[in-house]
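> This structure is in structure tokens; I'll ask about it shortly.
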Amino acid sequence: MSSDNFQSVLTENRVFPPSDAFVAKARVNADQLSALRAEAAADFRAFWGKFAREELSWETPFQTVLDDSNAPNYRWFHDGTLNASYNCLDRHLATRGDKVAIRYEGEKGDTRNYTYRELHTEVCKLANALKGLGLVKGDRVVLYLPHSAEAVIAMQACARLGITHSVVFGGFSATALRDRIEDTGARVVITADGNQRGGNFIELKKGVDDALALGCPLVEKVVVAKRTTQTVPMAAGRDLWWHELTAAVPATCEPVFVDAEHPLFLLYTSGSTGKPKGIQHCTGGYLLGAMKSAQWVFDLKEDDLFWCTADVGWITGHSYVTYGPLANGATVMIYEGVPTIPDAGRFWKICQDHGVTIFYTAPTAIRALMKSGEEIPNKYDLSKLRLLGSVGEPINPEAWMWYHRVIGKEKLPIVDTWWQTETGSIMMSPIPGATATKPGSCTQPLPGLFADVVDELGDPVSGKTAGGYLVITKPWPSMLRTIWGDNERYKKAYFGQFPARPDGSLLYVAGDSTHRDEDGYYWILGRVDDVLNVSGHRLGTMEVESALVSHPRVAEAAVVGRPHEIKGEAVCAFVICKGARPTGDEAAALIKELREHVSKEIGPIAKPDDIRLADGLPKTRSGKIMRRLLRSIAKGEEITQDISTLENPAIVEQLAGKA
Ligand code: 7RM
């Protein structure tokens, strides 16, 4: 990301070995980890094949672990059949029927528990209702729901029928929702009448109505969960209440067994170019990755209360709120609200009141809570916590140390987990009972996963502190299978950058730059492409630029990130207006309007923090925008770079606010 990060990680040399107390009870200790790594190194197919047989319940056992004959379109366990919802629910009923699967708390403090049996019933009922709408295996359904038990129920109901779900984060705008619905070809959308968040009422149903008014000709039905007392318009013949649809259906529904490679879900994520990519995940390999990583990384045990604060609209919510923990028969916490209501103690109060044992959140949240001071967490009893996790962006050593000291009371392990929407499950992380941690490093790949650092040519980078591109050198079960509707883009974006290795293996390019230290620990520096990471959310600079350019007053726009104390990165836009460039109040009004416009086009997370109006952008003679220059300007740095290739060097002064 920024050179500041690079500096701070390079000077970080504290090491925290796991405590004896943690090691004594851990699922995996250092010797066991070495044994797992050795086993995987000897034969990674046999390694994953064994776990797939042990951990998943198959309807038809698979014969082939990995088919790489059509690489990079890898297939794992492809001749086996199973059902994800059966694996998350049914198989626990005999032993865990009365165990709580979900502990829910709303922003206003309302709570509700769902046992595995209750969750199973709710899922079966909704599945029967979806069946009643004529949905069958292979159909796609878009979910636009709050972070709630209903979201988990809807995902599981789809999975039960072999319907591919695509969750669209409730913070996305109607336009973004429309694009995603259209790309999936969904005939049904599941939403809610609204939800309470940050003290505001979020009009989810209106979002769907607006999206459908903008397009989506294939959508026939909208299923609406009633979660508020607000009245929302219901279009006759199109909109159906969830509670009415499920009122008179049987409480059981046979799972539809599907091939292991059957698409379980699509999740849209930003790339450096073009429209968001529908990342396609499969059933068997994905579930295995989510399940095993939850055991290894979170040391998940029968009596844990696991709280991953990520919204179900993100991959983290898919893998560590829904599929990973439920496949393990664990209890998850779901909090539908913001961390600051009624005050910055809310997360810690929830940890105390519910007895959360494992807490997994994002650096942006840690930094924000850190800012409000340690007196707040110190007011709460956090003694049930036994493990802390971080995900979404590099965690700066200062935030790591605060997390360690103030929340972990200098005793709890911290797992800094690196992974992506595309990887499906955690790729690099400490194993809490085995790995000595270093603040700011995600340490090493999990067993069965293989990473490397390469230079521009794809050659391994050697040398103690050398940096380069992060690549994954062997396929893994939970990897994305393709980009929905665009397999060529899949091959090019993820495997097209570097030549195959002499043994024929292809390099998966993560798009992150990294550095590997003398202990073989990885330090992720940030994205190498034009992807911003704002509060742990991926945003393509292109997407924000397109949104800006869709405004009638904008001729051209360039968007870059600049380091931000809490959000990780802030969005900075340089905008060229059509016609004369406004100044003074007129400029201020336009800037305000443009910020709102981006919010409407993509969602509030994409709203630019800074907008600068200018007469031109710094371009090379071949017409390329010099982004590194814009990044320096956005940061307020002195321009020391070579601008001799610039076509219009004078513009630099103006952009920097000096002319
Ligand atoms: C899980 C998730 C993926 C991008 C990834 C990185 C960054 C995520 C870490 C991290 C440093 C981490 N999926 N990233 N985790 N960087 N340390 N522990 O976030 O698809 O939304 O984003 O996020 O740049 O490529 S994601």
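Readers should treat all values here as calculations from the given coordinates under stated rules, not as data from a laboratory. The structure displayed is predicted, hence computed values, not measured ones. Neighbour counts run over all protein chains shown; Cβ positions are idealised from the backbone, glycine included.
> Going by average Cβ density within 10 Å per residue, which order do the peptides 302-309, 239-246, 646-653 take, highest to lowest?
Going from most to least packed, we get 302-309, 239-246, 646-653.
> Could you give the dipole magnitude of the range 69-182 about its Cα centre, charging the beta-carbon of Lys and Arg +1 and that of Asp and Glu -1, in debye to the nearest 20?
Charge dipole of the range 69-182: 220 debye, to the nearest 20.
> Moving on. Which far-off residues, 5 or more places away or on another chain, put their amide H under 5 Å from the one on Thr115, with H placed in the peptide plane?
Excluding prolines and chain starts, which carry no amide H, the hits are Ala101.
> Another question about this same structure. Taking N as the number of residues in the range 261-313, what is its Cα Rg relative to 2.2 N^0.38 Å?
Normalised by 2.2 N^0.38 Å, the Cα Rg of the range 261-313 equals 1.45.
> Nearest 5 is fine: what % of DSSP beta bridges in the range 238-357 come out antiparallel, could you say?
Restricted to the range 238-357, the bridges split so that about 75 percent are antiparallel.
> Let me check against my output: what whole-number percent is the relative contact order of the chain, with C-alpha pairs under 8 Å and at least 6 apart? Before the final figure, lay out the partial values.
Working: 1401 pairs, mean separation 89.6, N = 659.
Normalised by residue count, the contact order of the chain is 14 percent.
> Return the aspartates and glutamates within reach of Lys25: Cα separation strictly under 14 angstrom, same-chain partners fewer than 8 residues apart disregarded; answer none if there are no such residues.
Partners within reach: Asp299, Glu302, Asp303, Asp304.
> Give me the dipole magnitude in Debye, nearest 20, for the range 362-402 about the Cα centre, with unit charges on the beta carbon: positive for Lys and Arg, negative for Asp and Glu.
120 debye
> Next question, about the same structure. Roughly what would the spin-label model give for Leu218 and Lys624, points 7 Å off Cα along C-beta, in nm?
3.7 nm
> For each cysteine in the chain, check whether another cysteine's C-beta sits under 4.7 Å from its C-beta; list those where none does.
When partners are defined as cysteine Cβ atoms under 4.7 Å apart, the chain leaves Cys88, Cys158, Cys216, Cys282, Cys308, Cys351, Cys442, Cys572, Cys577 without one.
> What is the spin-label model distance, in nm, from Arg27 to Thr252 if the labels are put 7 Å beyond Cα along the C-beta direction?
Spacing of the two 7 Å Cα→Cβ label points: 3.0 nm.
> Work out from phi, with θ = phi - 60° and the Karplus expression 6.51 cos²θ - 1.76 cosθ + 1.60, the ³J(HN,Hα) of each residue of the range 20-29, listed in order in whole Hz, and give x for Gly and Pro.
4, 4, 5, 4, 4, 10, 5, 5, 9, 9
> Then there's this: Mind giving me the FRET efficiency for Glu54 and Arg117? R0 is 35 Å, r the Cβ-Cβ distance, nearest 0.05 is fine. Walk me through the numbers on the way to the answer.
Values: r = 25 Å, r/R0 = 0.71.
Approximately 0.90, to the nearest 0.05.
> Given R₀ = 35 Å, FRET efficiency for Ser550-Arg238 by Cβ-Cβ distance, to 0.05?
0.80
> While we're on this one: Taking other Cβ within 10 Å of each residue's Cβ, how do Leu119, Leu457 sort, fewest first?
Leu457, Leu119
> Here is a further query. Out of the DSSP beta bridges found with both residues in the chain, what percent are antiparallel (nearest 5)?
Numbers: 57 of 98 bridges.
Counting only bridges with both partners in the chain, antiparallel ones make up about 60 percent.
> With a ≥ b ≥ c taken as the square roots of the eigenvalues of the C-alpha gyration tensor of the range 479-541, please select rounded if a/c is under 1.5 and otherwise prolate if a/b is larger than b/c or oblate if it is not?
On the way: a/c = 2.39, a/b = 1.07, b/c = 2.23.
Taking the square roots of the gyration eigenvalues as a ≥ b ≥ c, the range 479-541 is oblate.
> Another question about this same structure. Mind scanning Lys108/Lys379; Lys349/Lys371; Lys108/Lys567 and naming the pairs with a C-alpha gap bigger than 22 Å?
Lys108/Lys567
> While we're looking at this one, here's another question. May I ask which residue of Thr340, Asn487, Ser383 lies farthest towards the positive end of the charge dipole of the chain, with charges of +1 (Lys, Arg) and -1 (Asp, Glu) on Cβ and the Cα centre as origin?
So the residue we want is Thr340.
> Answer with one residue from Ala368, Phe306, Thr645: the one whose Cα lies farthest towards the positive end of the charge dipole of the chain, charges on Cβ with Lys, Arg +1 and Asp, Glu -1.
Phe306
> Could I ask something else about it? Roughly how big is the chain's charge dipole about its Cα centre, with Cβ charges of +1 (Lys, Arg) and -1 (Asp, Glu), in debye to the nearest 20?
580 debye
> Taking the number of other C-beta atoms within 10 Å as the exposure measure, put Leu369, Leu506, Leu264 in order starting with the fewest.
Leu506, Leu369, Leu264
> Rounded, prolate or oblate, given the Cα gyration tensor of the chain, with a/c below 1.5 counting as rounded?
rounded
> Need one number: nm distance between label points at Lys226 and Thr640, each 7 Å from Cα along Cα→Cβ, rounded to one decimal.
Spacing of the two 7 Å Cα→Cβ label points: 6.5 nm.
> Here's another thing I want to ask about it. Under 29 Å from the Cα of Lys137, which lysines turn up, not counting those fewer than eight places away in the same chain?
Once the sequence-local lysines are set aside, what remains near Lys137 is Lys50, Lys125, Lys205, Lys206, Lys221, Lys226, Lys275, Lys277, Lys292, Lys491.
> By counting other Cβ atoms within 10 Å of each Cβ, how are Tyr104, Tyr286 ranked from fewest to most?
Neighbour counts put them in this order, fewest first: Tyr104, Tyr286.
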